[in-house]
Amino acid sequence: MLAVGRVCRRWKNVAYSPGLWRSVSFRASHGGIQVANLDYFTHLIGSRFTELRNCELATDLITPNVLHEMANKCLKLQHLTLDFSTAMQLHDFTDLQIFPSRLKSLTLCLSENIFLEGFLRKVYTFISSVEILHIVGTYEKVEDEEEEVYETVNVFKLKQFVPNLRVVNLWGVPFITDDHVDALSSNTAHLECLCVNYCTKVTGSCLKLVLQRCKRLKSLFLAHASLENKYIQDVPWDKTQLEELDIRGTELSTDTITSVLTRLQHLRWLDASWLENFTDQVIEAWMNAGTISTVQYLSLDTCDSLSEGTLTDMVMSHGHQFQGLNLGGHHKLLEYFWMNMIPKLRNAQVLVMGIAEDCCPKVIAKIHIDQFIDCLAQNCPKLTRLEIRWDDETLRFSDKSSKFIDVLRMKCLKLHSVVLSDGQYYELVRSNFERADRMSVVRTTEMCRTGILHCSRYFNSLLFN
């Protein structure tokens, strides 16, 4: 847009029109605009960014002057990201007297050792309207588990000033414990979605109280948390309104998983990937309890304890209700299984199958991919995302395979993502779609992975970075 403004004066006026600058990122490390002159940027806020609704600020731009200008000139600002992750030292916020007060979403990207209490003390009174709170931690940067962790945000004080929260995302915050989650829930009666993914100090002891206080809670994300069986079993799951649950990468026992799934009456979305204890007994008890009948999106990626027979029974009985199904990472599920199950998945929009090249044990049998593609085209007209992880050594295809890809492209008109293992078959499928002017449909497993997270009702609210 900046380049367009160089054509002529009229084009410049159009390109610099505030109406075109409604969502802007000033975080160069995340593909945003690099600001070279802070004073000039501060001056532009009052002229070019008056219609701003979504803004991301890097550390060096989070100054009293910039925040003053935004509060006074950007009256429509609703979504603000403050990135402190690269901060070595904060600016002096002693003179900060005003802050954007109409925010619906606030994102704080934390640093490992920069304390934000001095800054937050100045803005607490302006953030009561916030409905979506993201606190993004430093999980990816922690190299040593015994490394000292600093509590850079005072959650116990923050919760007093955000009573209208609907969505709370505490992603990878190393100091977050059950006490912090419990404190947040005590003042957020409207809470609908809680995410503590990668908060390794959360054991689940707070969940019983959280679910009793937050009657509207419908979505709970606990991926890679250190959940303890005794706390999870003690939660009255049957009295909740939970519709979405993420427990992937946890170490819950078979009995605990069974106890949870057989008591959730309204579950429609479940991600239980990478669970060693998700066994045939869990599936059987789940089907016998009847609570599986509400599930529309299910991910059982790399649950090695499941057998082909049990998964066959599940799909035969409930395949018609699945709109998203991820059974990738299962080396036992080969051509015979999928050719018989695909006709049962007529409502499927998302499908993941196959096992990656570097996973063990290695698949010895050959997969006739043309039959798969034809079967998908004939039975899954609603398909939007497809991932097939088998590599070229496992797949059997020929020059005539392009005809079957044509059929898939013509029958599945909503298909906008096909993820394949890099190789000859990937090149064949990609060239076929590109000839039809569909350039960005086919991707490799190295660059893209398909899941069911986008099917969550709170997906857009949980997005950050």
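The values are calculated or read from the model by the stated rules, or taken from the named source; none is laboratory data. Please read these numbers as outputs of a predicted model, since none were measured by experiment. No Cβ is skipped: glycine too gets one built from the backbone with ideal geometry, and neighbour counts run over all protein chains shown. Keep in mind that these areas ignore ligands, DNA and RNA; they rest on the heavy atoms of the full protein, side chains included. Shrake-Rupley method; radii C 1.70, N 1.55, O 1.52, S 1.80 Å.
The mean sequence distance of close C-alpha pairs (under 8 Å, at least 6 residues apart), as a share of the length of the chain, puts its relative contact order at 7 percent. Counting only heavy atoms of the protein chains and using a 1.4 Å probe, SER29 has close to 100 Å² of accessible surface. Treating r as the C-beta distance of ASP280 and ARG457 and R0 as 30 Å, the FRET efficiency rounds to 0.50.
Accessible surface of CYS193, taken over heavy atoms with a 1.4 Å probe and every protein chain present, rounds to 0 Å². Here each label is just a point 7 Å from Cα along the line to Cβ, and for ARG9 and GLN424 those points are 6.3 nm apart. Quick check: the angle from helix 369-379's long axis to the longest principal axis of the chain, C-alpha only, nearest 10 degrees? The angle comes out near 80 degrees. Output the 0 to 90 degree angle, nearest 10, between the alpha-carbon long axis of helix 280-289 and the longest principal axis computed from the alpha carbons of the chain. Between the helix axis and the principal axis of the chain, the angle is about 80 degrees. Within the accessible surface of segment 337-465, defined with a 1.4 Å probe on protein heavy atoms only, the carbon and sulfur portion equals 51 percent. Using the heavy atoms of the protein chains and a 1.4 angstrom probe, tell me the accessible area per residue for the chain in square angstrom. Per residue, the chain has 46 Å² of solvent-accessible surface. When peptides 77-85, 14-22, 58-66 are sorted by average Cβ neighbour count within 10 Å, with the highest value leading, the order is 77-85, 58-66, 14-22. The length gained on full extension between LEU20 and GLN371, counted as 0.36 nm times the residue separation minus their Cα-Cα distance, comes to 121.6 nm. Applying 0.36 nm per residue to the separation of ASN187 and TYR124 and subtracting their alpha-carbon distance, the gain on full extension is 21.2 nm. Under 16 Å of direct C-alpha separation, and excluding same-chain neighbours fewer than eight residues apart, LYS157 reaches these aspartates and glutamates: GLU117, ASP178, ASP179, ASP182. Among the trypsin sites (Lys or Arg not before Pro) within segment 213-308, those in coil by DSSP and having at most 14 neighbouring Cβ atoms inside 10 Å are LYS215, ARG216. Each helix, a run of at least 4 DSSP H residues, gives -39500 (n - 2.57); summed and divided by the residues of the chain, these come to -7500 deg cm²/dmol at 222 nm. Using the Cβ-Cβ distance between SER293 and ARG102 with R0 = 56 Å, the FRET efficiency computed as 1/(1 + (r/R0)^6) comes to roughly 0.85.
Determine the distance separating the Cα centre of segment 225-265 from the Cα centre of segment 61-80; give it in Å without decimals. Centre-to-centre distance over Cα atoms comes out at 42 Å. With a cut-off of 14 Å between beta carbons, the residues surrounding LEU264 carry a summed charge of -1, where Lys and Arg count +1 and Asp and Glu -1. A straight line joining the Cα centroids of segment 272-287 and segment 381-426 runs 30 Å. Straight-distance candidates among the lysines for linking to LYS76, with alpha-carbon spacing under 26 Å and chain neighbours fewer than 8 residues away dropped: LYS12, LYS104, LYS122, LYS159. For ALA436 and ASP255, the FRET efficiency from 1/(1 + (r/R0)^6), where r spans their Cβ atoms and R0 equals 51 Å, is about 0.50.
If you roll a 1.4 Å probe over segment 90-201 with all protein chains in place, what percent of the accessible area is carbon or sulfur? Solvent-exposed carbon and sulfur of segment 90-201 make up 44 percent of the total. Based on the convex hull around the alpha carbon atoms, segment 1-98 presents an average projected area of 6.5 nm².
Annotation: lysines with alpha-carbon distance below 16 angstrom to LYS218 (same-chain offsets under eight excluded): LYS208, LYS239.
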